[in-house]
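Before any comments, here is the structure.
Since every read-out is calculated from the coordinates, none of them should be taken as a lab result. Bear in mind that the values here come from a model prediction, so they are computed numbers and not experimental data. Cβ placement follows ideal geometry from the backbone for every residue including glycine, while neighbour counts extend to all protein chains displayed.
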Amino acid sequence: MSQRTAVDVDDTTGVNDVNGVNDVNDTTKSVAVDENKDTTNEEPLSSTGVRQMANVLYWRFFVNLVLMVLDGTMLVIANLIMFNVDPLAYLPYGDNFRTQLTAGFLFVLLGAVYVGCLHSSGIYHRHVMGDGFQVNYKIIEGVVKLVVIQCAVNYIFKYPLPNHILFEAAALTLVFTVIERIIARVVITRRRKTGKYSYATIVMGSPECIERTLHRLHKRSQLNYRTVGVCPIGVDPKTKKIISVPIPDTVNIDEHLTVLPYSTTIGETAVNAGVQTILICDVIRRDSVEFNVLSLAVESLDVEIALAAGAADMGAHRMYFRNIQGMPVLTMHLPQYGYATRLIKRVFDIVCSLLLIILSSPVTIITAIAIKLDDHGPVFYTQKRIGLRGKPFRMIKFRSMVTNADELKAKLAAENGQTDRFIFKMKKDPRITKVGHVIRKWSIDELPQFFNVLKGDMSLVGPRPPLPEEYARYNRLYATRMFVKPGITGPWQVSGRSDLTAEESEQLDVSYVQDWSITGDITILFKTVQVVLTHKGAY
């Protein structure tokens, strides 16, 4: 890729610095400010921004309206099926008010309540509408809320709707809604590839961070950010001010993206370019003067400003402001680490691991026999790992490698340039046995770790337990992953596994610790099933 240089802008005059303009690639568009241009007949920038955001809100309203109608229709269809099974069940009499409801009115009413339950679960948020498992989980949450409301109404008004009809209709509603949302997700995803149902976005930051952010946005289309331009910036070593910087040859950024200059008029440039969001990935800190000035300049034109937060910014603290005897105090609390939630997680681990040990026992026996017959070595492999708050323990796995695998690791890591990576993984690892390839592909080698969960050394969900030498190299931020129990599965395993970069793996682990929740664990467990069946990133 030929070198491209962003156009510098003098903040005091708004006039483009011509230095480097001729170096811009022909396929790259740059935006310049023409001071001599007559703007008397142009639409005011603030009005343009409002119009552009109104267009975005229009398609968001339209898409959500269609989804709401479809979701309500799924409930109606499910109840129509149950109505044919038992028509009298849908003609309840209220003993308290002596009112009679027709089946049709009841279906419409239930459909509206169901949509309200889904809305309260957050399913219509723009970052959720195109997602997969997150949508399915919120559908389950919405159906549960609907059942609770129906049961409460039946009890209060003494409606004789049979419970088996209620629960069967709810189950059908769940199935139909999941199928409907799968089809809707396919349609939305295809439309996004054509630029629909998304926010035109400028990514601002260092060229290296812009490259990483573009890569992440490409893999996470549910975020609705459609990149149309980049604004490479840096810090002037002399003045310490934010300036435009060139894009070096070592950075791979799509040449068809517009390279925008950085200035105090970036909001106006974004509006004129039809942009709805400016995404800052680094360089500008959220507590800096530059960010305050930029956010005011951008948001005053109704352009959204967003930050691609790093791992250190992902805390889910609840903040409380208190005035204690005239002294204002701001306290922070992570509610997910309360005693009750930790107890629930432990009980959940014990019950699920016991159940999974029983269900997987036939596979466990067959695997043990196959490993023994393969090379007559030991069936199990135990390894020292670091657990909760740095406490070592012995992790159990089915042996999938040759008996001297640990001795070969350092040599292979050096040959594959992974000496600085916390998690060593390589495709076509020569240490893996024939049986090992099969059990790794299907994650069968992890089954004995359910005994680690029963013992309390591990959890079903959490960051992977590191080796002692890996743990010794953790920085202060990444070491926070040790504040929770390591897990059999976790964010790393369901987000790409071995295909992730070291930075992506680290950020997933740290964000899991900061944003942990029981519902999040359940979502990861469902995602794990899909990952195991598709073998994504498994080697």
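Overview of results
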read-out: Contour minus Cα-Cα distance for E407 and L355 (0.36 nm per residue); value: 15.1 nm
read-out: J(HN,Hα) series, the stretch 297-305, from Karplus relation 6.51 cos²θ - 1.76 cosθ + 1.60, nearest Hz, glycine and proline x; value: 5, 7, 5, 5, 9, 6, 9, 6, 10
read-out: Cut-off 14 Å, label 7 Å out along Cα→Cβ of H215, residues of the stretch 246-277 by amide N; value: 250-254
read-out: Efficiency of FRET between F62 and F105 - r from beta-carbon atoms, R0 22 angstrom, step 0.05; value: 0.20
read-out: Computed E for F167/F526 - FRET, C-beta separation, R0 25 angstrom, nearest 0.05; value: 0.75
read-out: Length released on extending from I156 to V347, taking residue separation times 0.36 nm less the Cα-Cα span; value: 65.4 nm
read-out: Which of V178, I149, T227, positive extreme of dipole for the stretch 119-255 (C-beta unit charges); value: I149
read-out: Stretch gain in nm, segment H125-A479, where the contour uses 0.36 nm per residue and the Cα spacing is subtracted; value: 124.2 nm
read-out: 3J(HN,Hα) from dihedral phi, the stretch 366-383, Karplus parametrisation 6.51/-1.76/1.60, rounded to Hz, x for glycine, proline; value: 4, 5, 4, 5, 5, 5, 5, 6, 5, 9, 6, x, x, 6, 9, 10, 10, 9
read-out: G456 long-range amide H proximity, modeled H, under 5 Å; value: none
read-out: Placed amide H near Y225: partners under 5 Å, 5+ positions off or other chain; value: Y199
read-out: From phi via Karplus (6.51, -1.76, 1.60), per-residue ³J(HN,Hα) for the stretch 460-465 in Hz, x at Gly/Pro; value: 5, 10, x, x, 5, x
read-out: Amide H partners (placed H, <5 Å) of M401, local residues excluded; value: T433
read-out: Cα shape, the stretch 109-169, gyration tensor, a/c 1.5 rule; value: prolate
read-out: The stretch 436-511 - charge dipole about Cα centre, Lys and Arg +1 at Cβ, Asp and Glu -1, debye rounded to 20; value: 180
read-out: Estimated FRET transfer efficiency when R0 is 22 angstrom, pair L454-R389 (beta carbons, to 0.05); value: 0.65
